[in-house]
1. If a residue has to be more than 14 Å from chain A (Cβ to nearest Cβ), open to solvent by less than 60 Å² (accessible area, probe 1.4 Å) and in a loop (DSSP other than H, G, I, E, B) to count, how many in region B:301-330 make the cut?
2. Restricting attention to region B:36-51, which residues are at the interface with chain A (Cβ under 8 Å from one of its Cβ atoms) and part of a loop (DSSP other than H, G, I, E, B)?
3. Residue check, residue B:74 against (1) within 10 Å of chain A (Cβ to nearest Cβ); (2) away from the ligand (no atom under 14 Å from the Cβ), all met but one. Which one?
4. Please work out which one of (1) open to solvent by 10 Å² or more (accessible area, probe 1.4 Å); (2) more than 18 Å from the chain's Cα centre (by Cα); (3) within 16 Å of the ligand (Cβ to nearest atom) is the condition residue B:68 fails and give its number.
5. For a quick check of your reading of the model, give me the residue pairs whose first member lies in region A:76-104 and is within 12 Å of chain B (Cβ to nearest Cβ), whose second is of a type in the set (Lys, Arg), with beta-carbon atoms closer than 6 Å and at least 6 apart or on different chains.
6. Restricting the search to region B:356-378, which residues are among the aliphatic types (A, V, I, L, M) and either more than 15 Å from the ligand (Cβ to nearest atom) or assigned to a loop (DSSP other than H, G, I, E, B) (or both)?
7. Take region B:52-65 and flag every residue that is within 16 Å of the ligand (Cβ to nearest atom) and either assigned to a loop (DSSP other than H, G, I, E, B) or more than 8 Å from every other protein chain (Cβ to nearest Cβ) (or both).
8. Could you grab me the full set of residues in region A:28-59 that are touching a residue at least 40 places away in the same chain (Cβ under 8 Å), of a type in the set (A, V, I, L, M, F, W, C), within 14 Å of chain B (Cβ to nearest Cβ) and out of contact with any Phe, Trp or Tyr (no Cβ under 8 Å at 6 or more places or on another chain)?
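The values are calculated or read from the model by the stated rules, or taken from the named source; none is laboratory data. No experiment lies behind these values; they were computed from the predicted model shown. Cβ: placed from backbone, ideal geometry, glycine included. Neighbour counts: every protein chain shown. Note: areas computed on protein heavy atoms with side chains; ligands, DNA, RNA excluded. Shrake-Rupley method; radii C 1.70, N 1.55, O 1.52, S 1.80 Å.
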Amino acid sequence: MEQFTKLTAKMVSIPTENVDTDQIIPARFLKVTDKNGLGDNLFFDWRYNADGSPKEDFILNTEQGHQAKILVAGDNFGCGSSREHAPWAIMGYGFQAVVSTSFADIFRNNSLKLGLLPVIVDKETHHQLMSLIEEEPETEIFIDLANQTLQLPDGRKVKFPIDNFSKNCILNGVDQLGYLQQHTSAVESYESVHPDRVNTVAA
Amino acid sequence: MSQNGHPKTLFEKIWNKHVVVAEEDSPSVLYIDLHLVHEVTSPQAFTGLREKSLTVRRPDKTIATMDHGIPTTPPEIPISDIMVLKQISQLEKNCNDFGIPLHGLHSPNRGIVHVIGPELGLTQPGMTIVCGDSHTSTHGAFGALAFGIGTSEIEHVLATQCLLQVKPKTYAVKVEGQLPKGVSSKDIILNLISRIGIGGGTGYVFEYMGEAIRGLSMEERMTICNMSIEGGARAGMIAPDDITFEYIAGRPHAPQGEAWDAAVAAWRTLPTDAGATFDKEIVIDASKLEPMITYGTNPGMGMLITQPVPDPMQIGDVSERQTLEKALKYMDLQPGQSLLGKKVDVVFLGSCTNSRLSDLRLAASLLKGHKVADNIQMMVVPGSQQVKQQAEAEGIDKIFKEAGADWREAGCSMCIAMNGDQLAPGQYAVSTSNRNFEGRQGKGGRTFLASPLTAVATAITGQITDVRTMLN
Ligand code: SF4
């Protein structure tokens, strides 16, 4: 779990709506047994030519892309499969937060567990961020997780939602597994009064 | 009406029964009855356990198989992809080290994880079921709460048999009336997604109900629940009934004797109580449906097969318009064009959506006596080795082979194109799978999602065909 408290950083945008996890990290890159190196394959099919050379004008191949730590994405970002390789690849590239008007459920859950901050903003703010990236690509914005705010260069602060539990885990960089482990005795008493439904080990 | 308090939905009954801890300001700790594991999304979770010196809390509630990367070529041919081999041996080692039963490469029960769960009788009403795969929603067809999870969550369940979950909202999908001939459960779900869009169910659990749903077999119900995630909902459920119980009875892991009677009695209390309310609702008239087909690059871009491809210029919202333009460019389709008569290159019959015995039977019954058109390469991939074996016992494989289709070993195959079964750039496929995302079935490949009947009709004529014209 990555810790995230405050971030002042540049942004890039991939404005397409409904970006699915097959675009974020195509399935042929899922044949790995660890989490490393996926950043190089982030958006692979949009990012590289057939001969494997990078497409010069694709945002992630530019200096602007390499400097950015915030990805501003289109609506319903991360739909499709449950592959956690998607947020691993996004983090592997160097992003620490993704801003969109909405996220697919599983992608959002996965990101919250890793400390990749999903920031949900209204359409107007989203539009403003997109224009900023286009007109003044050097602009930095400020994200403050404790206060759940995203601050625009004009000083305007926009609140974003996040459940308190995930927020505290990310602020402190603590894995959610630890919380579950604290409840072992509750799980034991649950198991003692609820008979097992199936036994996979039985023949 | 439930004994304590207000009327409850099927979802609420299962949820309430599985909450271990509910603290204010935190997600609930939810108990998981069954955890399905496959080779692609699990290795890093086991690594996490080893790093923390943890064990698997309940290997007896966990089961593993191999499906995503497995070749569908004859088993004698050795696997050449070293990365796939590594994932396979890693899963074998993990299952061995942690005591998890595995239906491995040569098990007669191996198959797509969402096909074998029900087949083995492991999927039962009232259970909570998870898997590191978004189509875990399939199991909801039995009146279970089943959803896909990420690799961090896989580790959580392995270690604690629990998950942290925020309670989702409920969404009633009422499918009234009766399906016309040539229209199937695949068309119902494609129609729903085309209406609500691929984000329409985000944050919700669907419950499918109504006359058309009640009339479906278990395998048809699984097709619908399978694609709940394509509408953005992590789970989709159907209340269990006699059709459900009949399907489960006698399967290897089904309760037996007195335990069976007790189980059925408990399962009968699961359906949504009269008067229970949902957060959202939609009504679909099944009798007005036609075969469906997708034209774009997400499953929400679907239409009745007789409709024209939509025109981006008719869409007011700029980003929506651009999304459609981008999709039509990728698909190389024109606004206003009909897809009927469109030549395609590949027909894929398979995937956890439509690869069960009844899918293969139905497809074979239409294909019988016909040949696959010269321009078509048709691939038939059974969902599990059991499905394959049963189909062969019935002689269904012969119908496919004689027609010129390729009859394969079980696996995910061209649904996800990880194992070498894939489209070439620019090729068009009619596919019975669930995702038509760019490159999903092979880099540069173009997918039209449809039902098995539409797929076979297309295979016979070589072009996208309204199957109703072939039925008398
Ligand atoms: S058949 Fe396709 S959708 Fe189903 S589990 Fe396999 S890859 Fe996923």
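1. 4
2. B:40, B:41
3. So residue B:74 meets the others, but not (1).
4. Against the list (1) open to solvent by 10 Å² or more (accessible area, probe 1.4 Å); (2) more than 18 Å from the chain's Cα centre (by Cα); (3) within 16 Å of the ligand (Cβ to nearest atom), residue B:68 comes up short only on (2).
5. Listed pairs, sorted by first residue: A:88/A:35; A:101/A:123.
6. Scanning region B:356-378 gives B:357, B:362, B:363, B:364, B:366, B:367, B:372, B:373, B:376, B:378.
7. B:64, B:65
8. Of everything in region A:28-59, those that are touching a residue at least 40 places away in the same chain (Cβ under 8 Å), of a type in the set (A, V, I, L, M, F, W, C), within 14 Å of chain B (Cβ to nearest Cβ) and out of contact with any Phe, Trp or Tyr (no Cβ under 8 Å at 6 or more places or on another chain) turn out to be A:30, A:32.
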